[in-house]
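Remarks on the structure that follows.
The values are calculated or read from the model by the stated rules, or taken from the named source; none is laboratory data. Everything numeric in this text was worked out from a predicted model, so none of it was measured. Please note: Cβ atoms are built from the backbone with ideal geometry, for glycine as well, and neighbour counts cover all protein chains shown.
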């Protein structure tokens with residue numbers, strides 16, 4: 001690996017300048033800003049590297065798909081990322097403008113620096129570096145860059161089902177999210193799923209005087225409060241019928257690796273300025289994130305919320321919620337159970353589905369773990385932590401459940417990257433280590449003996 005690492009070090013300044021140029025181009029999927037331009041940028045670059053690259057249309061923004069097969073007897077690695085970013089607001093909280101990348105104290109500040117442009121840019125630079133030094137890649141590579149991850153990936157599942165013949169890979173490597181809080185590199189084996197929904201209650205045809213009509217007209221805010229109270233009890237149990245039916249307990253191996261994950265619970269409380277964790281109080285920190293579903297009230301709205309008092313009885317109220325799913329729950333299962341619960345407890349409340357994605361999990365004993373661990377150790381000088389599942393959500397299920405192949409997330413961003421927030425940033429040393437890690441992972445995977453490469457799973461989905 002040393003010639004590759006030397007090449008990357010010698011081009012450090014050039015690579016950073018190119019990342020700065022890339023981040024200057026907005027690509028905000030929610031607003032439709034700059035999406036075509038950035039997709040074309042990626043298409044041109046991957047084509048110049050000798051990939052068979054195309055923009056693949058969807059009902060929304062296109063995916064960038066690029067394929068290069070240099071080593072027929074080696075595994076095929078699919079590198080997933082997303083080129084869309086979150087809207088930058090609130091703009092007044094940025095120290096420097098979000099699309100004018102600025103270096104301060106060894107960090108590059110810009111929207112997309114960590115999520116996800118900087119990380120997939122490092123992956124492509126790893127490909128470029130391998131080709132510059134060796135003239136070919138050590139294994140076969142498919143690059144898939146999505147343009148709708150920040151709006152819930154509504155079209156990637158349909159794309160994968162339709163074009164599975166173009167995605168015939170052995171494994172997926174995603175570089176997204178932050179490393180561990182203590183800075184250690186990680187390999188993440190799964191993600192929680194998510195469903196989002198809205199509950200809407202209506203009362204009279206207009207807002208009413210709370211004295212003249214209180215006790216006469218029903219209050220839709222109370223309707224929602226009582227309904228929400230039937231969905232989760234004070235002990236923290238989600239009380240929707242059948243909600244936990246498909247929740248799987250951690251395996252012995254998963255519990256063992258969870259026990260190795262560092263956490264200072266008191267420091268976490270101080271950082272969040274809270275004096276206790278959510279109920280139940282005895283649930284282990286990382287077990288909460290990896291193996292337990294959640295029900296979150298994102299916002300409850302209705303009536304008057306201005307300064308002072310207004311004695312109003314609102315005519316309408318709504319609440320926005322999300323549920324994080326764990327293996328082996330599904331979006332359709334949970335939507336159906338929540339909807340049935342609402343019909344039973346508050347039949348007049350409207351239930352509005354707003355989208356979701358299934359959870360994903362890859363076994364910790366996959367034969368690809370050892371080459372990935374060795375690659376990270378070689379590139380970064382320390383063993384990665386193994387994380388059975390991260391608390392957030394990515395569309396990894398399209399690979400593990402539609403294509404039937406394992407998916408590994410290897411983040412390159414710092415723990416305090418402020419993704420989705422003002423002053424998003426990426427430590428430049430981590431960016432360079434990410435390029436080295438990407439090159440090392442492909443190299444070590446390419447050295448796997450054919451007998452150790454598992455047969456590709458049969459697609460279980462219809």
In the range 273-300, what residues are at negative phi and over 22 Å from the mean Cα position of the chain (by Cα)? 274, 275, 276, 277, 278, 279, 280, 281, 282, 283, 284, 300
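Results for (1) under 28 Å from residue 183 (Cβ atoms); (2) in a strand (DSSP E or B), shown as yes or no for each residue.
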site: 337; (1), (2): no, no
site: 340; (1), (2): no, no
site: 343; (1), (2): no, no
site: 379; (1), (2): yes, no
site: 418; (1), (2): yes, no
site: 426; (1), (2): yes, yes
Given the conditions (1) touching a strand residue (DSSP E or B) at 6+ places or on another chain (Cβ under 7 Å); (2) modelled with pLDDT of 95 or more; (3) farther than 30 Å from residue 443 by Cβ; (4) surrounded by 18 or more Cβ atoms within 10 Å (Cβ to Cβ), and given that residue 330 satisfies all but one, which numbered condition is not satisfied? (1)
Here the residues within the range 431-443 that are within 11 Å of residue 379 (Cα to Cα) and either buried (at least 23 other Cβ atoms within 10 Å of the Cβ) or outside the structural domain of residue 89 (by TED's automatic domain parsing) (or both) are 434, 435, 436, 437, 438, 439, 440, 441
Quick one: in the range 404-430, which of the residues that are touching a strand residue (DSSP E or B) at 6+ places or on another chain (Cβ under 8 Å) and over 25 Å from residue 88 (Cβ atoms) is surrounded by the most Cβ atoms within 10 Å (Cβ to Cβ)? 407
Where a residue in the range 1-21 is in a helix (DSSP H, G or I) and its partner, wherever it lies, is surrounded by fewer than 18 Cβ atoms within 10 Å (Cβ to Cβ), with Cβ under 6 Å and at least six apart: 3/133; 4/133; 7/133
Kindly establish whether residue 219 is farther than 30 Å from residue 144 by Cβ and within 21 Å of the chain's Cα centre (by Cα). no
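Of all residues in the range 22-65, count the ones that are in a helix (DSSP H, G or I) and surrounded by 16 or more Cβ atoms within 10 Å (Cβ to Cβ).
So the answer is 10.
Yes/no matrix, rows are residues, columns are (1) surrounded by 22 or more Cβ atoms within 10 Å (Cβ to Cβ); (2) in contact with a helix residue (DSSP H, G or I) (Cβ under 7 Å, 6 or more places away or on another chain); (3) not assigned by TED's automatic domain parsing to the domain that holds residue 379:
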site	(1), (2), (3)
133	no, yes, no
145	yes, yes, no
162	no, no, no
202	no, yes, yes
230	no, yes, yes
